[in-house]
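Structure, as structure tokens:
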Amino acid sequence: MMCIHAGKIHNVQKMSKPEFWRSKVKLTCPEKAKWFYKNEKVHNESDTYEFTYTSKGTYRCEYETNQKYYFYVEGNVCENCFELDGNTLFMVIVGDLLLTIIMMVIVYRCTKKKSPAGPPQPSKGRGPPVPSPDYEVRTG
């Protein structure tokens, strides 16, 4: 879970939200500014600051006019993860259900009996063969 908190936001035309991709974080300020992490300067004048997330903390961009924008970054990241929104997940589940139903119908139709239902009818031809006298049981 990633959590971002930006404070002291003024009326500025160009404002962008933070971006997360795997273990990378990209913070954006409206204009070029100096970037700080825990009161230490980490990046020179730029409107964006990109870094590899290692631990939670407060970042800020600061202008010469002492105007500051704060970002609190906290979360769990991994190198092989990717973001999946709710709509995409819902569509994957619905698609899987539809394909499963289609496969069930195909299997049902292919395995359905081809003859009419009911018990097998006896043949109306000759009766069973007469046993040979050589195999009769002798008594006596």
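What to note about this one:
- Taking θ as phi - 60° and the Karplus parameters 6.51, -1.76 and 1.60, the scalar couplings of region 91-104 work out to 5, 5, 5, 5, x, 5, 5, 5, 5, 5, 5, 4, 5, 5 Hz in sequence order, x denoting glycine and proline.
- Peptides 62-68, 28-34 ranked from most to least packed give 28-34, 62-68, packing being the mean of other C-beta atoms within 10 angstrom over each peptide's residues.
- Local net charge near Met104, Cβ-Cβ under 15 Å (Lys/Arg +1, Asp/Glu -1): +1
Coordinate-derived values only; no laboratory data. Just so it is clear, the model here is predicted, and its values are computed rather than measured. Neighbour counts run over all protein chains shown; Cβ positions are idealised from the backbone, glycine included.
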